[in-house]
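Input: a single structure, listed below in C-alpha coordinates.
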Amino acid sequence: TAGFCFGVDRAIKLIEKLLSEGKKVATLGPIIHNPQVIEDFKNRGVDIVEHPSEVKNGAVLVLRTHGVTEDVLEEVKNSGVEFIDAACPFVNKIHKIVRDNSNENVVTIILGDPSHPEVHGIKSCAKGESYVVKDSSELEDLLQKNNLFSQKELILVEQTTFSVKEWEKSLKKVKLLCTNAKIFDTICSATNERQEEAMRLAKTCDAMIIVGGRQSSNTAKLKAVCENCCPTYLIETARELSDIDLSGCKKVGVTAGASTPAAIIKEVLSTMSESTNA
(Lines give C-alpha, C1' and ligand atoms only; values in the text may rest on other atoms or scores of the structure.)
Protein backbone atom coordinates (compact mmCIF):
# COMPACT_ATOMS: atom_id res chain seq x y z
CA THR A 1 0.00 0.00 0.00
CA ALA A 2 3.04 2.32 -0.08
CA GLY A 3 2.84 5.47 -2.17
CA PHE A 4 0.02 7.75 -3.28
CA CYS A 5 -3.28 7.24 -1.48
CA PHE A 6 -6.60 7.82 -3.23
CA GLY A 7 -6.94 11.47 -2.17
CA VAL A 8 -3.41 12.44 -3.20
CA ASP A 9 -3.62 10.55 -6.49
CA ARG A 10 -6.90 12.30 -7.28
CA ALA A 11 -5.41 15.77 -6.60
CA ILE A 12 -2.24 15.13 -8.61
CA LYS A 13 -4.21 13.82 -11.61
CA LEU A 14 -6.49 16.85 -11.40
CA ILE A 15 -3.53 19.23 -11.71
CA GLU A 16 -1.94 17.09 -14.44
CA LYS A 17 -5.19 17.30 -16.43
CA LEU A 18 -5.37 21.09 -16.09
CA LEU A 19 -1.75 21.43 -17.23
CA SER A 20 -2.31 19.10 -20.19
CA GLU A 21 -5.21 21.34 -21.25
CA GLY A 22 -2.80 24.28 -21.29
CA LYS A 23 -4.34 26.05 -18.31
CA LYS A 24 -2.52 28.18 -15.77
CA VAL A 25 -2.69 26.62 -12.33
CA ALA A 26 -2.19 27.90 -8.80
CA THR A 27 -2.57 25.98 -5.55
CA LEU A 28 -3.70 27.47 -2.24
CA GLY A 29 -0.76 26.34 -0.14
CA PRO A 30 1.22 23.20 -1.09
CA ILE A 31 -1.16 20.72 -2.74
CA ILE A 32 0.42 17.85 -0.74
CA HIS A 33 3.32 17.49 1.72
CA ASN A 34 6.00 16.24 -0.64
CA PRO A 35 8.78 18.69 -1.63
CA GLN A 36 9.75 16.79 -4.79
CA VAL A 37 6.21 16.87 -6.19
CA ILE A 38 5.85 20.55 -5.29
CA GLU A 39 9.17 21.42 -6.95
CA ASP A 40 8.18 19.52 -10.10
CA PHE A 41 4.91 21.41 -10.35
CA LYS A 42 6.71 24.74 -9.73
CA ASN A 43 9.07 23.97 -12.61
CA ARG A 44 6.02 23.39 -14.80
CA GLY A 45 4.54 26.77 -13.96
CA VAL A 46 2.24 25.96 -11.04
CA ASP A 47 2.15 28.85 -8.54
CA ILE A 48 1.70 28.40 -4.80
CA VAL A 49 -0.36 31.23 -3.31
CA GLU A 50 -1.49 31.99 0.22
CA HIS A 51 -4.47 34.15 -0.76
CA PRO A 52 -6.98 34.17 -3.67
CA SER A 53 -5.94 37.74 -4.55
CA GLU A 54 -2.50 36.40 -5.56
CA VAL A 55 -3.93 34.22 -8.35
CA LYS A 56 -2.90 35.44 -11.81
CA ASN A 57 -5.59 36.33 -14.35
CA GLY A 58 -6.99 33.26 -16.06
CA ALA A 59 -5.45 30.76 -13.64
CA VAL A 60 -7.43 28.01 -11.95
CA LEU A 61 -6.99 27.84 -8.18
CA VAL A 62 -6.75 24.31 -6.74
CA LEU A 63 -7.46 23.89 -3.03
CA ARG A 64 -5.08 21.53 -1.22
CA THR A 65 -5.80 17.91 -0.29
CA HIS A 66 -5.78 18.74 3.44
CA GLY A 67 -8.80 21.00 3.06
CA VAL A 68 -9.19 24.64 4.09
CA THR A 69 -11.03 26.48 6.86
CA GLU A 70 -14.65 27.58 6.39
CA ASP A 71 -13.55 31.24 6.30
CA VAL A 72 -10.98 30.60 3.58
CA LEU A 73 -13.45 28.59 1.49
CA GLU A 74 -15.97 31.44 1.73
CA GLU A 75 -13.26 33.93 0.77
CA VAL A 76 -12.34 31.84 -2.28
CA LYS A 77 -15.97 31.61 -3.36
CA ASN A 78 -16.41 35.38 -3.04
CA SER A 79 -13.15 36.19 -4.87
CA GLY A 80 -14.51 35.43 -8.34
CA VAL A 81 -11.49 33.21 -9.06
CA GLU A 82 -12.18 29.92 -10.85
CA PHE A 83 -11.35 27.18 -8.36
CA ILE A 84 -11.47 23.42 -7.85
CA ASP A 85 -11.59 21.85 -4.41
CA ALA A 86 -9.06 18.99 -4.36
CA ALA A 87 -9.60 18.21 -0.67
CA CYS A 88 -9.50 14.51 0.06
CA PRO A 89 -13.05 13.06 0.25
CA PHE A 90 -12.16 11.59 3.66
CA VAL A 91 -11.30 15.10 4.92
CA ASN A 92 -14.53 16.54 3.50
CA LYS A 93 -16.42 13.74 5.26
CA ILE A 94 -15.01 14.90 8.63
CA HIS A 95 -16.01 18.49 7.85
CA LYS A 96 -19.58 17.29 7.20
CA ILE A 97 -19.66 15.20 10.40
CA VAL A 98 -18.61 18.19 12.51
CA ARG A 99 -21.01 20.58 10.75
CA ASP A 100 -23.96 18.18 11.07
CA ASN A 101 -23.35 17.16 14.68
CA SER A 102 -22.16 20.35 16.37
CA ASN A 103 -24.04 23.31 17.79
CA GLU A 104 -23.52 25.86 20.57
CA ASN A 105 -24.23 23.20 23.20
CA VAL A 106 -21.95 20.55 21.70
CA VAL A 107 -18.24 20.27 22.46
CA THR A 108 -16.06 19.10 19.56
CA ILE A 109 -12.78 17.37 20.35
CA ILE A 110 -10.32 16.67 17.53
CA LEU A 111 -7.44 14.25 17.98
CA GLY A 112 -4.56 15.36 15.81
CA ASP A 113 -1.70 17.77 15.22
CA PRO A 114 -2.90 21.25 16.26
CA SER A 115 -0.53 22.91 13.76
CA HIS A 116 -1.64 20.84 10.75
CA PRO A 117 -3.81 22.53 8.06
CA GLU A 118 -6.20 19.56 7.99
CA VAL A 119 -6.93 20.04 11.69
CA HIS A 120 -7.42 23.80 11.21
CA GLY A 121 -10.05 23.04 8.58
CA ILE A 122 -11.86 20.51 10.76
CA LYS A 123 -11.88 22.84 13.79
CA SER A 124 -13.37 25.65 11.72
CA CYS A 125 -16.51 23.55 11.10
CA ALA A 126 -17.39 23.32 14.82
CA LYS A 127 -20.34 25.53 15.80
CA GLY A 128 -19.62 25.44 19.53
CA GLU A 129 -16.63 24.90 21.80
CA SER A 130 -13.81 22.97 20.14
CA TYR A 131 -10.49 21.57 21.30
CA VAL A 132 -7.53 19.85 19.65
CA VAL A 133 -5.50 17.27 21.56
CA LYS A 134 -2.43 15.53 20.19
CA ASP A 135 -2.72 12.23 22.07
CA SER A 136 -4.66 10.18 24.64
CA SER A 137 -2.83 11.81 27.59
CA GLU A 138 -3.87 15.31 26.54
CA LEU A 139 -7.39 14.03 25.99
CA GLU A 140 -7.51 12.60 29.50
CA ASP A 141 -6.25 15.89 30.98
CA LEU A 142 -8.88 17.86 29.05
CA LEU A 143 -11.75 15.61 30.14
CA GLN A 144 -10.69 15.55 33.78
CA LYS A 145 -10.17 19.31 34.09
CA ASN A 146 -13.31 20.48 32.32
CA ASN A 147 -16.53 19.86 34.27
CA LEU A 148 -18.62 21.53 31.55
CA PHE A 149 -18.34 18.38 29.47
CA SER A 150 -20.60 16.54 31.91
CA GLN A 151 -23.40 18.99 31.06
CA LYS A 152 -22.92 19.04 27.31
CA GLU A 153 -22.94 16.57 24.46
CA LEU A 154 -19.50 15.79 23.12
CA ILE A 155 -18.37 14.64 19.68
CA LEU A 156 -14.99 13.10 19.03
CA VAL A 157 -13.24 12.91 15.64
CA GLU A 158 -9.62 12.46 14.59
CA GLN A 159 -7.27 13.65 11.88
CA THR A 160 -7.27 11.22 8.94
CA THR A 161 -3.61 10.35 9.57
CA PHE A 162 -3.86 9.98 13.35
CA SER A 163 -2.08 7.07 15.05
CA VAL A 164 -4.32 4.00 15.21
CA LYS A 165 -2.76 2.97 18.54
CA GLU A 166 -3.34 6.42 20.07
CA TRP A 167 -6.94 6.35 18.85
CA GLU A 168 -7.53 3.02 20.58
CA LYS A 169 -6.05 4.40 23.82
CA SER A 170 -8.20 7.53 23.47
CA LEU A 171 -11.40 5.51 23.08
CA LYS A 172 -10.75 3.78 26.40
CA LYS A 173 -10.22 7.15 28.12
CA VAL A 174 -13.41 8.64 26.66
CA LYS A 175 -15.60 5.67 27.54
CA LEU A 176 -14.24 5.76 31.08
CA LEU A 177 -14.51 9.50 31.67
CA CYS A 178 -17.40 10.62 29.49
CA THR A 179 -20.77 8.91 29.07
CA ASN A 180 -22.31 11.42 26.67
CA ALA A 181 -19.75 11.27 23.87
CA LYS A 182 -20.66 10.65 20.24
CA ILE A 183 -17.61 8.99 18.66
CA PHE A 184 -16.69 9.07 14.96
CA ASP A 185 -13.73 7.01 13.78
CA THR A 186 -12.42 9.23 10.99
CA ILE A 187 -8.95 7.78 10.45
CA CYS A 188 -8.58 7.16 6.72
CA SER A 189 -8.73 3.44 5.85
CA ALA A 190 -5.49 3.80 3.88
CA THR A 191 -3.77 5.23 6.97
CA ASN A 192 -4.96 2.31 9.06
CA GLU A 193 -3.81 -0.28 6.50
CA ARG A 194 -0.40 1.36 6.05
CA GLN A 195 0.32 1.62 9.77
CA GLU A 196 -0.64 -2.00 10.40
CA GLU A 197 1.32 -3.18 7.37
CA ALA A 198 4.39 -1.16 8.37
CA MET A 199 4.30 -2.55 11.91
CA ARG A 200 4.05 -6.15 10.66
CA LEU A 201 6.98 -5.55 8.33
CA ALA A 202 9.11 -3.81 10.98
CA LYS A 203 8.71 -6.76 13.36
CA THR A 204 10.46 -9.02 10.83
CA CYS A 205 13.25 -6.62 9.81
CA ASP A 206 16.60 -5.42 11.16
CA ALA A 207 15.85 -1.87 9.97
CA MET A 208 13.13 0.12 8.22
CA ILE A 209 13.37 2.82 5.57
CA ILE A 210 10.39 5.21 5.40
CA VAL A 211 10.23 7.26 2.19
CA GLY A 212 8.33 10.53 2.26
CA GLY A 213 8.25 14.23 3.00
CA ARG A 214 9.39 15.35 6.44
CA GLN A 215 6.36 17.65 6.69
CA SER A 216 3.98 14.78 5.99
CA SER A 217 1.87 13.74 8.98
CA ASN A 218 1.13 10.22 7.76
CA THR A 219 4.81 9.61 6.95
CA ALA A 220 5.80 10.68 10.47
CA LYS A 221 3.24 8.24 11.90
CA LEU A 222 4.74 5.38 9.85
CA LYS A 223 8.15 6.17 11.32
CA ALA A 224 6.72 6.28 14.85
CA VAL A 225 5.01 2.91 14.38
CA CYS A 226 8.14 1.23 13.03
CA GLU A 227 10.78 2.64 15.38
CA ASN A 228 9.21 0.74 18.28
CA CYS A 229 10.25 -2.47 16.51
CA CYS A 230 13.63 -1.73 14.90
CA PRO A 231 15.95 1.15 13.87
CA THR A 232 13.95 3.32 11.48
CA TYR A 233 15.12 6.01 9.04
CA LEU A 234 13.01 8.60 7.23
CA ILE A 235 14.35 9.76 3.87
CA GLU A 236 12.92 11.98 1.15
CA THR A 237 15.07 10.72 -1.73
CA ALA A 238 17.45 7.88 -2.59
CA ARG A 239 20.44 10.23 -2.18
CA GLU A 240 19.96 10.14 1.59
CA LEU A 241 20.61 6.39 1.71
CA SER A 242 24.36 7.05 1.61
CA ASP A 243 24.13 8.58 5.10
CA ILE A 244 22.64 5.41 6.60
CA ASP A 245 24.74 2.44 7.72
CA LEU A 246 22.82 -0.75 6.94
CA SER A 247 25.90 -2.97 6.83
CA GLY A 248 24.84 -5.06 9.82
CA CYS A 249 21.33 -5.68 8.51
CA LYS A 250 20.23 -8.90 6.86
CA LYS A 251 16.69 -7.74 6.15
CA VAL A 252 15.58 -4.15 5.55
CA GLY A 253 11.95 -3.14 5.09
CA VAL A 254 10.81 -0.25 2.92
CA THR A 255 7.50 1.60 2.98
CA ALA A 256 6.38 5.08 1.98
CA GLY A 257 3.97 7.83 2.91
CA ALA A 258 0.71 8.55 1.15
CA SER A 259 2.16 11.54 -0.73
CA THR A 260 5.31 9.80 -1.98
CA PRO A 261 5.49 9.35 -5.79
CA ALA A 262 6.06 5.84 -7.15
CA ALA A 263 9.15 7.05 -9.03
CA ILE A 264 10.91 8.02 -5.79
CA ILE A 265 10.05 4.68 -4.16
CA LYS A 266 11.40 2.81 -7.20
CA GLU A 267 14.60 4.87 -7.13
CA VAL A 268 15.12 4.01 -3.44
CA LEU A 269 14.58 0.29 -4.09
CA SER A 270 16.88 0.38 -7.12
CA THR A 271 19.62 2.18 -5.18
CA MET A 272 19.38 -0.30 -2.32
CA SER A 273 19.52 -3.25 -4.74
CA GLU A 274 22.61 -1.85 -6.46
CA SER A 275 24.28 -1.34 -3.08
CA THR A 276 23.47 -4.92 -2.07
CA ASN A 277 24.74 -6.36 -5.32
CA ALA A 278 27.91 -4.32 -5.06
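Placing unit charges on C-beta atoms (Lys and Arg positive, Asp and Glu negative, everything else neutral), compute the dipole magnitude of the range 173-231 about its Cα centre in debye, rounded to 20.
Details: 9 positive and 6 negative charges, 53 e Å.
For the range 173-231, the charge dipole is close to 260 debye.
Which is farthest toward the positive dipole end of the chain among G80, I183, G128, measuring Cα position about the Cα centre, with Cβ charges +1 (Lys, Arg) and -1 (Asp, Glu)?
I183
As a test of the formula, what do you get for the chain when each DSSP H run with n ≥ 4 contributes -39,500 (n - 2.57) and the sum is divided by the residue count, at 222 nm and rounded to the nearest 500 deg cm²/dmol? If you can, show how the numbers build up before the last one.
On the way: 10 runs with 118 residues, N = 278.
The helix-only estimate for the chain comes to -13000 deg cm²/dmol at 222 nm.
Return the sequence-ordered ³J(HN,Hα) values of the range 163-178 in whole Hz as given by the Karplus equation 6.51 cos²θ - 1.76 cosθ + 1.60 applied to θ = phi - 60°, using x for Gly and Pro.
Per-residue couplings from phi come out as 5, 4, 5, 5, 5, 4, 5, 5, 4, 4, 5, 5, 5, 7, 9, 9 Hz.
Find, among the trypsin sites (Lys or Arg not before Pro) in the range 105-147, those assigned to loop by DSSP (not H, G, I, E, B) with at most 16 other beta-carbon atoms within 10 angstrom. Don't skip to the answer; put the middle values down first.
Numbers: sites: K123, K127, K134, K145; in loops: K127, K134.
In loop regions of the range 105-147 (DSSP not H, G, I, E or B), the sparsely surrounded trypsin sites (Lys or Arg not before Pro) are K127.
What accessible area, in Å² to the nearest ten, does a 1.4 Å probe give for D100?
Here the accessible area works out near 100 Å².
Keeping every protein chain in place, order M272, M208 by accessible area at 1.4 Å, biggest value first, i.e. largest first. Intermediate values should be presented prior to the final figure.
On the way: M272 35, M208 0 Å².
Ranking M272, M208 by accessible area, largest first, yields M272, M208.
Taking the Cβ of Q215 as the centre, find all other residues whose Cβ is under 14 Å away and add up their charges (Lys, Arg: +1; Asp, Glu: -1). Can you show the working numbers first?
Working: positive: R64, R214, K221, K223; negative: E39, D113, E118, E236.
Counting the neighbours of Q215, the net charge comes to 0.
Could you report the accessible area of L176 in Å², rounded to 10, computed with a 1.4 Å probe on the protein chains as they sit in the structure?
Taking all protein chains as shown, L176 has close to 140 Å².
Find how much the distance from K203 to F184 grows on full extension, using 0.36 nm per residue of separation minus their present alpha carbon separation; answer in nm with one decimal.
3.8 nm
For the range 183-248 and the range 34-72, what is the separation of their C-alpha centers, rounded to whole Å?
Result: 28 Å between the Cα centres.
Over the chain, what is the relative contact order in percent, taking alpha-carbon pairs closer than 8 angstrom and at least six residues apart? Don't skip to the end; give the middle numbers.
Values: 498 pairs, mean separation 48.9, N = 278.
After rounding, I find 18 percent.
Using the charge dipole of the chain (Lys, Arg: +1 at Cβ; Asp, Glu: -1 at Cβ; taken about the Cα centre), state which of N146, S115, V49 has its Cα farthest towards the positive end.
The Cα lying farthest towards the positive end belongs to N146.
Cross-link candidates for K13: which lysines have Cα within less than 26 Å, leaving aside residues fewer than 8 places away along the same chain?
Within the straight-line limit of under 26 Å, K13 reaches these lysines: K23, K24, K42, K56, K77, K93, K96, K221, K266.
Positive end of the dipole of the range 191-278, charges at C-beta (+1 Lys, Arg; -1 Asp, Glu), about the Cα centre: which of M272, M199, L241 has its Cα farthest in that direction?
Farthest along the dipole direction, towards plus: M199.
Using the Karplus curve 6.51 cos²θ - 1.76 cosθ + 1.60 with θ = phi - 60°, work out ³J(HN,Hα) for each residue of the range 205-222 in order, rounded to whole Hz, and write x for Gly and Pro.
Values per residue, Gly and Pro as x: 10, 8, 7, 10, 10, 9, 9, x, x, 6, 8, 7, 5, 5, 5, 4, 5, 4 Hz.
With +1 on each Lys and Arg Cβ and -1 on each Asp and Glu Cβ, and nothing else charged, work out how big the dipole of the chain is about its Cα centre, in Debye to the nearest 20. Can you show the working numbers first?
Numbers: 34 positive and 39 negative charges, 108 e Å.
It works out to roughly 520 debye.
Dipole size in debye (nearest 20) for the range 1-47 around its Cα centre, Lys and Arg Cβ +1, Asp and Glu Cβ -1? Show your work: numbers first, answer last.
Details: 7 positive and 6 negative charges, 29 e Å.
Dipole magnitude for the range 1-47 comes out near 140 debye.
So who's got an amide H within less than 5 Å of the one on V254, skipping anything under 5 residues away but keeping other chains? H placed 1.01 Å off N, in plane.
Those lying under 5 Å, H to H, from V254 are I209.
Step through the residues of the range 20-35 one at a time and calculate ³J(HN,Hα) from phi using the Karplus curve (6.51 cos²θ - 1.76 cosθ + 1.60, θ = phi - 60°), rounding each to whole Hz and writing x for Gly and Pro.
Couplings: 5, 8, x, 8, 6, 10, 10, 10, 8, x, x, 4, 9, 9, 9, x Hz.
The values are calculated or read from the model by the stated rules, or taken from the named source; none is laboratory data. All values derive from a computational prediction rather than experimental measurement. Methodologically, a virtual Cβ is constructed for each residue, glycine included, from the backbone with ideal geometry; neighbour enumeration extends over all protein chains shown. Heavy atoms of the whole protein, side chains included, go into the accessibility calculation; ligands, DNA and RNA do not. Shrake-Rupley method; radii C 1.70, N 1.55, O 1.52, S 1.80 Å.
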